[in-house]
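Contents: one structure, followed by commentary.
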Amino acid sequence: MKAPRISPCLGVPDTQAACDFYEQIGFTALPADPSQEDDIRLLLFEGEFALMVNKDEDLRNWLPVLKDTPIGAFGMFYLAVDDFDAYVEKVRPLVKVVKEPFESHGQKLFYFTDPNGYVVGVTQRQEW
């Protein structure tokens, strides 16, 4: 698997709870590495790397500049899916909807938050 050029790493209070949530909405969480001191997990979407979740305390210790940063983010992450309508129908009852599906510039979009306040925008996968 080739790593992307930018790899999101989300600070969360409970990595297992975050993995459980993301697995409910179609991601695959790789097992934790027991030889590592920190609690970081890799998440895949349709077999490709999507993001990492890490215990917030571990991130704050790793990068002290994050010490007072609240969980959640100003901004959002986008998830490109192969079948927009089917995916939205599947996850809508499992998530807190921020913005119902709509179209902008010919692109379908849907926004929700995960249990830690991170905003995820869903869009149809496309080639550029």
(message) What Kirkwood Rh does segment 13-53 have if only Cα atoms enter the pairwise 1/r average? Answer in Å.
(response) 10.3
(request) Over 19 Å, how big is the tail of the calculated P(r) for the chain, in percent of all Cα pairs? (result) 51
(request) With a point put 7 Å past each Cα toward its Cβ, work out how far Leu63 is from Lys99 in nm, to one decimal. (result) 2.5
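Using 0.36 nm times the number of residues separating Phe27 and Glu127, minus their current alpha carbon distance, what extension gain do you get?
Values: separation 100, 0.36 × 100 = 36.00 nm, distance 2.13 nm.
Contour length minus the Cα-Cα distance gives 33.9 nm.
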(request) Choose one of Gly11, Ala32, Phe45: the residue whose Cα lies farthest towards the positive end of the charge dipole of segment 10-82 (beta-carbon charges +1 Lys, Arg; -1 Asp, Glu; about the Cα centre). (result) Gly11
(request) Springs between alpha-carbon atoms under 10 Å, Gaussian network over the chain: tell me which of Asp33, Asp114, Asp58 tops the mean-square fluctuations. (result) Asp33
(request) Extending each Cα 7 Å along its Cβ direction at Ala73 and Ala17, get the distance between those two points in nm, one decimal. (result) 2.0
(request) About the Cα centre of the chain, how large is the charge dipole given +1 on each Lys and Arg Cβ and -1 on each Asp and Glu Cβ? Please answer in debye to the nearest 20. (result) 340
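Read the figures in this text as sums done on the coordinates, not as results from a lab. The shown structure was predicted, so the numbers you read here are calculated from the model rather than taken from an experiment. A quick note on method: Cβ atoms are made from the backbone with ideal geometry, for glycine too, and the neighbour counts reach across all protein chains shown.
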